[in-house]
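J.: Once you've had a glance at the structure underneath, I'll fire off some questions.
Since every read-out is calculated from the coordinates, none of them should be taken as a lab result. This one's a predicted model, so the numbers in the text were calculated from it and none came from an experiment. Note that each Cβ is placed from the backbone with ideal geometry, even for glycine, and that neighbours are counted across all protein chains shown.
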Amino acid sequence: MGEAIVVTSGKGGVGKTTTTANIGAALALLGKRVCVIDADIGLRNLDIVMGLENRIVYDIVDVVTGVCRVKQALIRDKRFENLSLLPAAQTKDKNAVNPDQMKELIEDLKKTHDYVLVDCPAGIEQGFKNAIAGADRAVVVTTPEVSAVRDADRIIGLLEAAEISNPRLIVNRLRVDMVKRGEMMNVQDIEDILAVDLIGVVPDDEEVVMSTNRGEPAVFKDQSLSGMAFRNIARRITGEEVAFLEFDVQESFLEKIKKALSFGK
Amino acid sequence: MFDLFGFLNSKPQSKNVAKDRLKLVLVHDRSNCSPELLELLKKDILSSISEHVDYDPSDMDIKITRTHDDESGKPVLVASIPIKNLKR
């Protein structure tokens, strides 16, 4: 029996979808059977981020309404046979699925997958309630901005109210140069405010934009720092203890990356 | 020396401003206190003290905040109500 993890944030545009795609791919690289679900009905995006947009036949609404079986709707990623996507519907709205249907769907998928990752829509309305319905655990994505941190706090409260306790935090798009100047909150500041445990820090990285442009998750790139950050998060999800990447030492910054990369191999 | 620079620099680092502003706003967010509830609290507090004191309504401040020394983040109801006369 697998585990369902919802990736959520409250605020839009902080990188939920990119995070879901990358952690999903990284877990698959670790040999896990992974299914990623796009729960953002009406604003389908996980497919294009993963480069699977041309292969959609059925979607999540087709599955829950019985138009097709789950297996027919799952799109297998040809780059890893362990990874599959259940796309969102693009032409329906968030009320096309209800929390009970989601629970049933996720329970079903957990039988055949080690991890079911749910990409939650922004906001706290029906789409959010649907996305968290079947989740065992939650990952909250934020960026070092006041708006994103405030929304993350609200989401953490709502997750706890829904009895998804101890959500883990990802600080995304950290700009090391700005943190050094004291003009951006650092990871410790954000941890202090939100009082939840960290599961990863992803630096702001052009590589994420470029790889998303191409529809290939950044975790494929051995040399990218963000890719390594996502691979580390995946390992932590599996229960492995992995030291956090150090972004703070300017002098030997590049050295550190090289060192860390050679350790990783 | 570094600290001295920081002290002389009149503009605080923006990350500290962000942190302080967030801490304050989250107390409100977490307390789940609607403006209506705060109004109700105000009304009741004032009506109960008005029996005993004359207060100055122009210069009072009733709000939900957090204390400076309490790191638990629990909200605190703070009322600052200047008293003109004690009714004896």
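J.: Taking other Cβ within 10 Å of each residue's Cβ, how do A:68, A:35, B:33 sort, fewest first?
T.: The order, fewest Cβ neighbours first, is A:68, B:33, A:35.
J.: At what distance in nm do the modelled label points of residue A:136 and residue A:175 sit from each other, each positioned 7 Å from its Cα along Cα→Cβ?
T.: Label at residue A:136, label at residue A:175, 3.9 nm between them.
J.: Here's a follow-up. Rg(Cα) of region A:118-212 divided by 2.2 N^0.38 Å?
T.: 1.13
J.: Moving on to the next point. Spin-label point model (7 Å from Cα, Cβ direction): what's the residue A:1 to residue A:183 distance in nm?
T.: Distance between label points: 5.2 nm.
J.: Starting from the Cα of residue A:48, step 7 Å toward the Cβ, then list every residue of region A:213-230 with an amide N under 13 Å from that point.
T.: A:213-215
J.: Quick check: Cα centre of region A:146-195 to Cα centre of region A:217-233, how many Å?
T.: Value for the Cα centre distance between the two parts: 21 Å.
J.: Separate question: Say R0 is 45 Å: what FRET efficiency, to the nearest 0.05, do residue B:54 and residue B:33 get from their beta-carbon distance?
T.: Result of the calculation: an efficiency of 0.95.
J.: Still on this structure: Loop only per DSSP, at most 10 neighbouring Cβ atoms within 10 Å: give me the GluC sites (Glu not before Pro) in region A:1-106, ordered by residue number.
T.: Passing sites in region A:1-106 are A:81.
J.: Still on this structure, please answer the following. Rounded to whole Å and sorted largest first, list the principal axis extents of the Cα atoms in the protein assembly as shown.
T.: Rounded to whole Å, the extents work out to 84, 58, 31 Å.
J.: Pairs to check: A:94/B:23; A:16/A:71; A:32/A:221. Give those whose C-alpha atoms are more than 21 Å from each other in this structure.
T.: Check vs 21 Å cut-off fails for A:94/B:23; A:16/A:71.
J.: Taking the convex hull of the alpha carbon atoms in region A:52-185, what volume per residue do you get, in Å³?
T.: Cα convex hull per residue, to the nearest whole number: 148 Å³.
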